[in-house]
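Notes follow the structure.
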Amino acid sequence: MRGAVILALLAGVFPALPTAQAPPGLQGAWQVVEVTTTGPAGSTNSNPQPGLYLFTARHYSIISVLSQEPRPAFTDPNNVTGEEALAIWTPLQAQSGTYEVVGGSLNLLPLVAKNPGVMRTGRKPDVYAVTVQGNSLTLVQKGDGIGQLPNPTTLRLKRLD
């Protein structure tokens with residue numbers, strides 16, 4: 001009986017330890033500075049379009065332009081054509097959710113996203129190999145919500161804060 005009381009008291013004083021913790025230094029704001037794709041048309045872009053990754057203790061947010069070139073402006077915002085809308089909105093990535101780090105893997109599980117398919121119930125997380133070295137963050141995407149990727153993309157980011 002005494003042991004049960006002590007355990008109950010300790011449980012109230014010490015919150016449960018998380019099963020997976022972020023690597024030291026992951027929390028903060030990160031700017032994409034280089035994107036390397038692999039496969040037959042692989043390339044490295046050392047001057048990518050804007051991209052911002054934010055990490056708190058348990059949540060993340062990403063907003064990034066995925067195209068090689070800047071997105072065009074609307075010719076006439078009151079009369080947007082379908083072609084203009086696609087050119088402007090298709091390259092925009094926007095999502096936020098929860099994350100966990102298990103070993104050297106960063107698992108992102110979107111709660112809200114520009115693409116509704118990314119936030120469907122039962123979706124597997126996006127999986128990245130993660131390395132933090134000082135003010136540098138490297139993410140190598142190993143898998144998405146569908147499965148493992150044969151040609152991973154590597155993102156290099158620098159700390160903004």
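Laboratory data are not the source of any read-out in this text; all were calculated from the coordinates shown. None of these values were measured; they are calculated from a predicted model. Counting neighbours? That spans all protein chains shown, and the Cβs are built from the backbone with ideal geometry, glycine included.
Here are a few things to note about the model shown:
- Charge dipole (debye, nearest 20) of region 36-114; +1 at Cβ of Lys and Arg, -1 at Cβ of Asp and Glu: 280 debye
- Based on alpha carbons, the Rg and Dmax found for region 16-161 are 16.2, 55 Å.
- The distance linking region 60-127 with region 135-150 is 15 Å (Cα centroid to Cα centroid, whole angstrom).
- With 5 Å bins beginning at zero, the pair-distance distribution over Cα atoms of region 109-151 amounts to 6, 21, 22, 19, 18, 10, 4, 0 %.
- Cβ-derived FRET efficiency at R0 22 Å, residue 74 paired with residue 45, nearest 0.05: 0.30
- Value at 222 nm in deg cm²/dmol, rounded to 500, when DSSP H runs of n ≥ 4 in the chain each add -39,500 (n - 2.57): -3500 deg cm²/dmol
- Straight-distance candidates among the lysines for linking to residue 124, with alpha-carbon spacing under 20 Å and chain neighbours fewer than 8 residues away dropped: 114, 142.
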